[in-house]
Structure formats: C-alpha cells, structure tokens
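All remarks here apply to the structure that follows.
None of the figures in this text is laboratory data; all of them are computed from the coordinates on show. All of these numbers come straight from a predicted model, not from anything done at the bench. Backbone-built Cβ (ideal geometry, glycine too); neighbour counts: all protein chains shown.
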Amino acid sequence: MKQDMRKINSATALREAICKLEIEHAEEGRQLKAQFQLVYESVKPINMIKNTFKDAIASPGLKDTILNTSVGLVTGYLSKLLFVNVSHNPLRKILGLALQFGVTKLVAKNPEGVKTAGKALLNRIKSKFAHSANGTHIS
C-alpha cells in the first residue's frame, strides 16, 4: 500500500497509478467495513451479556463458589428442619432461622471441613452397613 515515489510522465502511467490506488482504496474500504462489523457485533448489549456469562462460567472459581454456597444453603435448610420440625412456636422458628443462617454461613465459608466431615460420616455409615451385612454388630 506504499505509493510509488517515481514521477509519472505519461497519461497511461497516470491511469495505471490511479487504477492501482483505486484498487488499494477499495480493499482498505472492505477491510474497514469488516472491522466495523466485528466491533458493532461485539458491543451489542446481548453479545456483551453472552460474553460476560461465557467468561464467568469458564472460570473454575465461580463453579466452586456456587457449589459451596448451594451446599451451605441446603445444609442450613436441613438443620432448620431438624431443629424446628413443624413447630408453631415463634421463638423456635426464630431460633431455627438463626441456626439456618449460621450453618449456611459456616458451610459456605468452610467447604473443605464440611467435605471432610461428610466423607467421614459416609465412611462410618458404610462400615456399619458392611458389618451388619456380615452379621457382626458394632455399637
């Protein structure tokens, strides 16, 4: 796209130079339009949202955070159900909500401890079932 710096002495050479410049101009115009289309598509709100979600989903930390929070919420809800049961006592319901909130927060902040405790509990249950299947009894 560099222009020849030699002097043009004839009409034929002038037409050739103009034709060459017109071709270069048309090619640059096509490239500019293609680049504009890419930029235009990337700044559309729906595409920006899609790209943000793709980036968020691709990050491994987000998946772990969602999993840990979900486990915390389920554990908190189950602890509330165990504590409150189907009580109509307002004080017991308030204490159940506080327990649910506390357990949810604890589990969400300490997922590794919960995983370790859960594995230990499952291993203990498995061993009890294995012993009872063999006819032995462990207290």
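List the pairs from 50/109; 80/119; 50/80; 105/126; 93/115 whose alpha-carbon separation is above 31 Å, in the order I gave them.
Going by Cα-Cα distance, 50/80 fall outside the 31 Å limit.
Determine the principal axes of the Cα atoms in the chain, then give the extent along each, sorted from largest to smallest and rounded to whole angstroms.
Here the spans come out as 109, 46, 21 Å, largest first.
Using helices alone, what [θ] at 222 nm do you get for the chain, with -39,500 (n - 2.57) per DSSP H run of 4 or more residues, divided over all residues and rounded to the nearest 500?
Computed ellipticity for the chain at 222 nm equals -29000 deg cm²/dmol.
For a quick check of your reading of the filter: which trypsin sites (Lys or Arg not before Pro) in the range 1-55 sit in a DSSP loop and have no more than 14 other Cβ atoms within 10 Å?
Counting only loop positions with at most 14 other Cβ atoms within 10 Å, the trypsin sites (Lys or Arg not before Pro) in the range 1-55 are 2, 6, 7.
What per residue convex hull volume, in Å³, do the alpha-carbon atoms of the range 27-88 yield?
For the range 27-88, the hull spanned by Cα atoms encloses 87 Å³ per residue.
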